[in-house]
Every structure is written in structure tokens, then in C-alpha cells.
Amino acid sequence: MPLIHELNDVLVAVDFSRHSRTALFQACRIALRHHAKLHVLHVVDAMAVQTLADMRHIPYEKQAALSEDGARTALTAWMKEAGTPCESRMITVVDVPVEGILAQVEKIQPGLLVVGMAGAGETTCGSGTIAAKLARKASCMVLLLRAGHEGKFRHIVACVDFSYFSERIVEEAARFAWRDEAHLELLHVWREPWVVSPSTDVSEYPVIIFTEDEKRKHQENLKIRLHALVEPLVEHIDTSEVLKEVINYGPGIVDHVSKTDADLVVIGNKRASGIKHFFLGSTAEKLLNIISCSLLIVKPAPEEEV
């Protein structure tokens, strides 16, 4: 199956939580299947190092070296258990966790950053603080994983809005579905701009009222556009198309995912004009707060940014 590009480098951040253990195992599996180089990173929290140094009355540099040695020992054991490829690279640094991970993203320029959905907080819905910040700020795709999801993906939902970026979202979702022989579902959630309360004086609001015939034609057009995205994939991947009418986009996606037992949701995120980092749209932000399965956030290639 033709793809935009192969993954050359996969970076996984490990903080020794249950979720990051899953991230390491999944990153190892993905790197092997894509013949990519795996970089395994642990950022020793600089604040914790300072606290320990103060408590033990030793220089900061000495405590930093001791903490890094301990991290490398633990990371070596985890990598051996995960069966990381021989050419995998271990990285330990002392830094603020988010900044340390983002620095390595900029240095390595991986095609994919893999992290646990939550750290020590062990949330069952939504993402942890560090994972959410990485999802917003990293310049590469970010895969946020729920604890225990170390094997293949079975049911992938790609959320499309028919923007210029939708084809990229579909193609990256298709990459995962093809490799794992998973079912790929293209989902477009929409709400009617013409729904107005009977008691509302529409002259006071900037709304557009459609006739029933116009509404039907709009739905037919959505089906045609969605099928156009699916059609190139049907010979290679088990696919389906879903249009879902909702009141709120984020909860609508979550409701659909929970009913279909999907294990990976794929959404897009693009850089705001003139801003160094990426910022999630409102729908993606809501998903970060309430999603209960793994989440892949696709970022545009440099030539796609507008």
C-alpha cells in the first residue's frame, strides 16, 4: 500500500509508570514493523534532583549523576523486557520533563513520539498533564497510549472534517490499520447549523435556516466527500464510513468510540500561524480531557502548513 512516508525514527518517553511501560512496548513493536530506529528517553526531573541534593547535602551535579545512573539501570531492564531492537538508542537527561522531551524531539526529528496517556496519576479518562502538553507542543505525530495496550490495534477511528489536512489524517490512520490488519473507520461528526428553537426570534441571531430538501442534499454531499477519502483504501484495508450528527463534536466522537469499542482514535492538529508550537483545536482539546482509549495526533508536514 502506498504511504506518504515511512517512519525513520520513533522516540518513546518513559517515566516508569504503567502507561509508559505500555508506550515502550508499543513503540518497540511499531519501530520493528516500520524498520525504524527506536530512541528510548527518560528525563530525570531536575526539581527532584535538586530536592534530593538538598536533603542529602551533596552537590547538585553529584545527585544528577547518581539519578542518571539509576535511570539507565532501570531503563536497560525495561528495554530488555520489551525486546527493543539491537540498534535502539538509550537517552537520559536531567531537565524539566516536558522541556526535556521537546528538546529531544527537535534534536532527533522523529516521525513519531510515543508516550503514556497518563503518568503517576493513572487517569482512566483523559490524559495526564505532561502528555497533554506534549500533544499540543510536539512538532511530530504523537501517540498517547492507555496502560495495557501493548499489542496490535484492532479498530481505528480516523476523525475527518474535510479540511485540506483530512487526507493526511486518513493516510496516517491507514498506515497503522494496514500494518496491524485493523478495521479502519472514517468518522465525520457534524451538527446542523439550521437547528433553531421554535421560540427563538431568528432575526436576532446570525443563523441560516435550510429547507428539508437542502438538508438532505447537504447530507448526501457529506457522504460523497467521505467516500472519496475511503475509496483509495478499500482494496488494501477493511474500511467503513460513518456520518454522525451531534450537538457537540468532542463528546459526539467519544460516544461513538465507546459504542464501537475502538482502541485508537486519530485526529489532526496544525500549527497556528506565526506560533512556534502547535495548539490543539477545541475538539481535540476536549478529546484529550475525556477520551478513554489511545489517541494518535497527526501533525502536518512543513510543506502542508498554512
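The values are calculated or read from the model by the stated rules, or taken from the named source; none is laboratory data. Computed from a prediction, not measured in an experiment: that's the story for all the values here. Ideal geometry is used to build each Cβ from the backbone, glycine not excepted, and the neighbour counts take in all protein chains shown.
So the values come out like this:
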quantity	calculated
Enumerated strands (runs of 3 or more DSSP E) restricted to the range 1-103, each holding at least 3 residues that are aliphatic (A, V, I, L, M) and either over 22 Å from the mean Cα position of the chain (by Cα) or assigned by TED's automatic domain parsing to the domain that holds V298 (or both)	89-95
Total residues in the range 23-40, condition farther than 10 Å from T84 by Cα, in contact with a Gly (Cβ under 9 Å, 6 or more places away or on another chain) and surrounded by fewer than 23 Cβ atoms within 10 Å (Cβ to Cβ)	2
Cβ pairs under 7 Å, 6+ apart, first in the range 165-191 and under 26 Å from G151 (Cβ atoms), second basic (K, R) and part of a helix (DSSP H, G or I)	R179/R33
Meets criteria (under 18 Å from V115 (Cα atoms) and surrounded by 14 or more Cβ atoms within 10 Å (Cβ to Cβ)) for V49	no
Of all residues in the range 74-104 being hydroxyl-bearing (S, T, Y) and at pLDDT 95 or above, the one that is surrounded by the fewest Cβ atoms within 10 Å (Cβ to Cβ)	T76
Any hit, the range 158-171, residues being under 15 Å from A27 (Cβ atoms), of a type in the set (D, E) and either surrounded by fewer than 21 Cβ atoms within 10 Å (Cβ to Cβ) or modelled with pLDDT under 95 (or both)	no
Members of the range 255-306 that are in a helix (DSSP H, G or I), under 20 Å from T129 (Cα atoms) and either touching a Leu at 6+ places or on another chain (Cβ under 8 Å) or modelled with pLDDT under 75 (or both)	S282, T283, A284, E285, K286, L287, L288, N289
